[in-house]
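The values are calculated or read from the model by the stated rules, or taken from the named source; none is laboratory data. Treat the numbers as computed from the prediction; the structure is a model and nothing was measured. Note that each Cβ is placed from the backbone with ideal geometry, even for glycine, and that neighbours are counted across all protein chains shown.
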Amino acid sequence: MADGDLQARKRELQEKIDQAQGTLNRIQALSNEYWGILASACAAMNGGAWFGPQGRAFGAAAAAHQGELRGSLTEAVESAQRKVAELRAELSALR
């Protein structure tokens, strides 16, 4: 690869890294923010907030959905982290 092409590719990769890092930061911030809100709301409703069979069923469903959401948020953060790492490795290989 010619030096000019190499430099252009490095700049392109750096721009992608910057964008991916910004996306990762935003995903992480939203994950932390919304997880904290959900966790505190669910914690406030634990311990006697649900009465009767339907109430307990609702509480159990809410807890299950909370776990699913946490898994999805974690997956989104980890996916963005992998993308940033891949781009950084690709840039490092060019240096």
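Remarks
- The set of residues in the range 1-53 that are under 26 Å from GLY71 (Cβ atoms) and among the polar types (S, T, N, Q) comprises GLN19, GLN21, THR23, ASN25, GLN28, SER31, ASN32, SER40, ASN46.
- Count - residues of the range 8-58 that are in a helix (DSSP H, G or I), of a type in the set (Phe, Trp, Tyr) and surrounded by 13 or more Cβ atoms within 10 Å (Cβ to Cβ): 2
- A Cβ distance below 6 Å, combined with a sequence gap of six or more or placement on separate chains, defines the contacts here; from the range 62-76, residues that are under 11 Å from CYS42 (Cα atoms) reach residues that are in a helix (DSSP H, G or I) and at pLDDT below 90 in the pairs GLN66/CYS42.
- Taken together, the residues in the range 66-95 that are over 17 Å from the mean Cα position of the chain (by Cα) and part of a helix (DSSP H, G or I) amount to 8.
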